[in-house]
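Written out below as structure tokens is the structure these notes cover.
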């Protein structure tokens, strides 16, 4: 059996079981106590009065990025944002970054300076420092970032806290990064204005760090970031929460320029596009609705958590009719 | 200019300068204060009364390992040991591990189970838990581990604390992993007994975690682990400490089976072999000499820190004659 037979998430499940069955208990040294292991946006442990969080994310050339769609400087920004977004999804703020570069020997040094400039832009903007890492030879270029962060509040945002009756909400808009990829890689012809918006959305996403902290402080308990596609990620959240969800397609927030540029395709992009780095969260309506106005960015209620097969997400149109599942989220071994 | 023109350490220097010049100051949140950034075995920050350390290490197939020399299970053990050894070199104990797998889609699932079994063996032996990670597609297989740890003592072992007049010491013996590689990859013919010792040294090294903590508690301030070769690593330690060193070749601890198996080559292997994961440390002789007997493993004084061009290491034979530099340490882009 090959990893392509069971897919990325099948492999993760299998390895997580192995860790649970054959691994030792988490160590407890000094005042460190593990709170969350495999399965959320980040691992988390108590240390003293705070909760530290720890995440990692990787980009491989030809798999996650090509230089056509993502110049090195944008890649630097994006790989930091992918990690920062995981910290945002826990309700934390970032602390310290390790960077691993895997590089072919003929990689131009100037490219690596550009990559680092992009990473350092994100470091300045979101207040984290690169404190170490590793540089290794590799036949294919890759960048791995590992990032720690801290939650001031004792409350963490987790994927497993969705409850039946909660509303489902998402920050910002979704689908534009997927539109940007269509423009950059597949040469889709759109207006200059749309092109600018879509390419910016693809190359220069923002982690919702402030929003994550506002949500955690206000008492929201359940969130994750949208990196593999809205429906796919909501399904993962529902699975570990033991619930299902119903999403109203018409409520899913889409930028007008995406809708205009791709009138046939925008909904598919919004429901199944990845690399959004928006926050998906759930909570009681009376808690969530007044919060929407307090966030830095817009946020929109798009549906509700329901009793259903865990992980089952239904998308309905304006007349309540179920839309056929079209496309799927990102799986590294099945894409 | 390509990265092969400036080498691994030239690239690291350049990127470290960029981080210092263009990066933001390290964030200070709650009770977190950065103590050590780029340039040591691990980054380190104060948190409450302890010091947390953070390291990462990567193995790329065909670069760091081949399945001929390193079956997956051994690779799992070794990649954990490479990281654990960095924690040992700071005087810390390990806490939490993130694992990133980059995999071609046709990778057998059973191989990944073997890899994880090897990692979990090391986790059980040295008390760390795998708490998360990432799985991505990649044309070449790679494994990146990021590991946190904690130093109970307020004293950290660092590379930059060597002082003129200190003795230089190393735990265990050196050279046997390089001998094992000769046997496994180049088919060197040696006795059955030697083969067993050398292959075990190559495939199943041990991090000197207990020794690192004993050294830190006793007041030793300067250490690093031997991963790129004894002379090369000592040179790095001397460079950041602003000193030189003089090593007596006859004192360098070599296993008798290595000496017997490679009578012409054992010294080169001992001085320049990598992946040893022994601890190299320096300190005043009156502090270090009585300590040697207290360590779990043997340790040997091999030379002395001297005033010299920073980073200059001289190796002398029994009559005090300088040995010509033969071979060099591991550089990912020049090897």
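Every number here is computed from the coordinates shown, using simple stated rules; none is lab data. Computed from a predicted model, the values in this text were never measured in an experiment. Here the Cβ is made from the backbone with ideal geometry for all residues, glycine too, and neighbour counts use every protein chain on show.
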Computed [θ] at 222 nm, deg cm²/dmol, chain B (DSSP H ≥ 4; -39,500 (n - 2.57); rounded to nearest 500)
-11000 deg cm²/dmol
q = 0.13, 0.22 Å⁻¹: log10 I(q)/I(0) that the Debye formula gives for region B:58-166, counting C-alpha atoms only:
-0.53, -1.16
Mind listing P(r) for region B:1-54? All alpha-carbon pairs, 5 Å bins, whole percents.
4, 18, 20, 20, 16, 10, 7, 4, 2, 0
Suppose R0 equals 35 Å. What FRET efficiency, 1/(1 + (r/R0)^6) with r the Cβ-Cβ distance, do residue B:186 and residue A:125 give to the nearest 0.05?
0.10
Among B:28-37, B:100-109, how do they line up by average Cβ neighbours within 10 Å per residue, starting with the highest?
B:100-109, B:28-37
Two decimals, Cα atoms only, Kirkwood Rh: what is Rg/Rh over region B:196-241?
1.06
Report the convex hull volume per residue for region A:159-316, counting only C-alpha atoms, in Å³.
97
For region A:159-316, what relative contact order do you get, as a whole percent, if you take Cα pairs closer than 8 Å and at least 6 residues apart?
45
Highest mean first, what order results for B:197-203, A:87-93, B:62-68 on Cβ atoms within 10 Å?
A:87-93, B:197-203, B:62-68
In the calculated pair distance distribution of region A:146-232, what percentage of Cα-Cα distances lie above 17 Å?
59
Could you work out the mean count of beta carbons from other protein chains within 10 Å of each residue's beta carbon in A:7-19?
5
Which value, to two decimals, describes the C-alpha radius of gyration of region B:1-125 once divided by 2.2 N^0.38 Å?
1.27
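Give the average, rounded to an integer, of partner chain Cβ atoms located within 10 angstrom of each Cβ in B:142-151.
On the way: counts 10, 0, 10, 3, 12, 2, 8, 3, 6, 2.
Taking the mean over all residues of the peptide, I get 6.
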Sorting check: for A:285-298, A:222-235, which peptide has the highest mean count of neighbouring beta carbons within 10 Å, and how do the rest follow?
A:222-235, A:285-298
Express in whole angstrom the spacing between the alpha-carbon centres of region B:104-139 and region A:91-138.
24
If the label for residue B:187 sits 7 angstrom from Cα along the Cα-to-Cβ line, what are its distances to the same label in every other copy, in nm to one decimal, shortest first?
5.2
Rg/Rh of the protein assembly as shown (Cα atoms, Kirkwood Rh), to two decimals, equals 1.00
Taking every residue in B:106-118, how many Cβ atoms of other protein chains lie within 10 Å of its Cβ, on average?
4
At 20 °C and a viscosity of 1.002 mPa s, what translational diffusion coefficient does Stokes-Einstein give for chain A, taking Rh as the Kirkwood radius over Cα pairs? Give it in µm²/s as a whole number.
104
Rounded to whole angstrom, the alpha-carbon centroid of region B:188-239 lies from that of region A:261-311 at a distance of 52
At residue A:20, label 7 Å along Cα→Cβ: distances to the other copies, nm, ascending?
4.8
One decimal, nm, shortest first: give the distances between the label point of residue B:324 and those of the same position in the other copies, each label point 7 Å from Cα along Cα→Cβ.
7.6
Residues in region A:156-197 near a label at residue A:248, defined as backbone nitrogen under 17 Å from the 7 Å Cα→Cβ point?
A:165-171
